[in-house]
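J.: What follows is a single structure, and I will ask about it in a moment.
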Amino acid sequence: MSLFRRRTGWTLADAVARHTAAPDTFRVPSGEATAAVRVGDRVKLLVEPQTGLAERLWVRVTTVGEESLEGTLASDPVELRGLHAGDPVQFERRHIVAISRPTGP
C-alpha cells in the first residue's frame with residue numbers, strides 16, 4: 001500500500017434520479033421523510049469518485065435549510081482517499097439514500 005495516496009475528487013449521486021430510473025432496485029426515503037430530516041439525524045449519501053467505486057457514507061446532520069443541508073462524515077470511507085470522519089459535507093435532500101434517527105429521550 002502506498003503512503004502517498006492522491007486525494008480523490010468526488011460528487012454526490014442524485015438518489016431521486018437513480019430511484020426514478022430503477023425504482024425496484026434503488027430505493028430512497030419518501031419525500032415526507034427527507035423533509036423531516038433534522039439536526040442530529042444521520043443520513044446516508046452515495047459518494048461517487050472520479051475514478052473507482054461509489055461508496056455509501058453516513059453523515060451526521062449539523063445544519064438544516066429548506067433544500068440545502070450540512071453535516072459531517074460519521075466514519076472514514078473505505079475506498080475514497082482524502083475523506084475522513086468529521087469532514088464537512090454539503091448536500092441536498094435529493095442526495096439522501098437512507099435516514100437514521102437517534103433513539104432515546
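The values are calculated or read from the model by the stated rules, or taken from the named source; none is laboratory data. Remember, it's a predicted structure, so these values are computed and weren't measured experimentally. Here the Cβ positions follow ideal geometry from the backbone for every residue, glycine too, while neighbour counts run over all protein chains shown.
J.: What tally of residues in the range 85-104 results from selecting those that are part of a loop (DSSP other than H, G, I, E, B), of a type outside the set (Gly, Ala, Ser) and touching a strand residue (DSSP E or B) at 6+ places or on another chain (Cβ under 7 Å)?
T.: Adding up the residues that qualify gives 1.
J.: Now for a different question. Among the residues of the range 36-48, which ones are modelled with pLDDT of 95 or more, outside any loop (DSSP other than H, G, I, E, B) and either among the hydrophobic types (A, V, I, L, M, F, W, C) or over 23 Å from PRO77 (Cα atoms) (or both)?
T.: VAL43, LEU45
J.: Out of the residues in the range 75-105 meeting the condition of being surrounded by fewer than 17 Cβ atoms within 10 Å (Cβ to Cβ) and among the aliphatic types (A, V, I, L, M), tell me which one is nearest to ALA54 (Cα to Cα).
T.: VAL78
J.: How many residues are at pLDDT 90 or above and either part of a loop (DSSP other than H, G, I, E, B) or in contact with a Phe, Trp or Tyr (Cβ under 8 Å, 6 or more places away or on another chain) (or both) if we restrict to the range 49-67?
T.: Restricting attention to the range 49-67, the residues satisfying the condition of being at pLDDT 90 or above are 55-65.
Narrowing the set further to residues that are either part of a loop (DSSP other than H, G, I, E, B) or in contact with a Phe, Trp or Tyr (Cβ under 8 Å, 6 or more places away or on another chain) (or both) leaves 59, 65.
Of the residues in the range 49-67, 2 are at pLDDT 90 or above and either part of a loop (DSSP other than H, G, I, E, B) or in contact with a Phe, Trp or Tyr (Cβ under 8 Å, 6 or more places away or on another chain) (or both).
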